[in-house]
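This report refers to the structure that appears directly beneath it.
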Amino acid sequence: MGLFTFGKAKGETPEELAERARQAEATAALKSGQLEALDELVRHLDEDRLLLLRAALELKPGLEPKAAGEVLLDICFKPLGLASLFLALVDWERDRISFPIYHEGGRLRNQIERDFTNEQGGGLTGKAIRAGAPLYIQTLEEGRNAGAIFSEAERISGLVPQSWYGVPLGVGMGATGRAFGLVSFQSFHPDAFSESRRRLMDAMAAILALCLTARP
């Protein structure tokens, strides 16, 4: 009753009152959407915090590379919706890259060593390690153009990740300051990793690097 009295006092017509009501509903819907987005952000931040806490607690100094890779796989594979994850280590003197853990196609696989300095042999992994900086590939085509190397399982099945994010390990650490390896996170979806998610992966990689460099 008060609403219509107020409207009449201002000389508003029923149509004007209806329009004002529609605007109020639109504003309420916008605010509701903003609150839902904020709730989603808080949920993601809580998830990220718990993942980092698990990484800090479970990636203990002294773990062998294979064991450390398995711990990281268990922590983040499902929560991050990954298609593949691997840990690569580089032996600069031998010019070789080895893979203590390589999870692909729903299972752990044995990935053979390959050349490092050779551009084709190193692929995206070698490129990121040599640059000493994370490398984000957003689509399969971008990966092909950047020199991605596909595994035998990927070639046979055709199930190839679209997004590839590789984080070098140990940059600036040790006598040489060069990266000693890389951890790769992959998804079947294009542009799957937001900037905040990549920062989470950076933090996990840093914890993994500390774990591996603390080995006796």
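The values are calculated or read from the model by the stated rules, or taken from the named source; none is laboratory data. Please read all numbers here as calculations on a predicted model, not as lab measurements. FYI the Cβ positions are ideal-geometry reconstructions off the backbone, even for glycines, and counts take in every protein chain you see.
Right, Asp46: among the charged types (D, E, K, R) and assigned by TED's automatic domain parsing to the domain that holds Leu200 or not?
no
Looking only at residues in region 181-207 that are within 14 Å of Ala68 (Cα to Cα) and in contact with a helix residue (DSSP H, G or I) (Cβ under 6 Å, 6 or more places away or on another chain), which one is surrounded by the fewest Cβ atoms within 10 Å (Cβ to Cβ)?
Among residues in region 181-207 that are within 14 Å of Ala68 (Cα to Cα) and in contact with a helix residue (DSSP H, G or I) (Cβ under 6 Å, 6 or more places away or on another chain), the one surrounded by the fewest Cβ atoms within 10 Å (Cβ to Cβ) is Ile207.
Considering only region 85-110, state which residues are touching a Ser or Thr at 6+ places or on another chain (Cβ under 7 Å) and more than 19 Å from Arg178 (Cβ to Cβ).
Answer for region 85-110, where residues must be touching a Ser or Thr at 6+ places or on another chain (Cβ under 7 Å) and more than 19 Å from Arg178 (Cβ to Cβ): Leu85, Phe86, His103, Glu104, Gly105.
Of all the residues that make up region 57-107, how many are over 17 Å from the mean Cα position of the chain (by Cα), surrounded by fewer than 20 Cβ atoms within 10 Å (Cβ to Cβ) and among the small types (Gly, Ala, Ser)?
Within region 57-107, residues that are over 17 Å from the mean Cα position of the chain (by Cα), surrounded by fewer than 20 Cβ atoms within 10 Å (Cβ to Cβ) and among the small types (Gly, Ala, Ser) number 5.
Consider Ile137 against the criteria (1) under 18 Å from Ser187 (Cβ atoms); (2) modelled with pLDDT under 90: it satisfies all of them except one. Which criterion is unmet?
With (1) under 18 Å from Ser187 (Cβ atoms); (2) modelled with pLDDT under 90 applied to Ile137, the lone miss is (2).
Take the conditions in contact with a strand residue (DSSP E or B) (Cβ under 9 Å, 6 or more places away or on another chain) and modelled with pLDDT of 80 or more and apply them to Lys66. Does it pass?
yes
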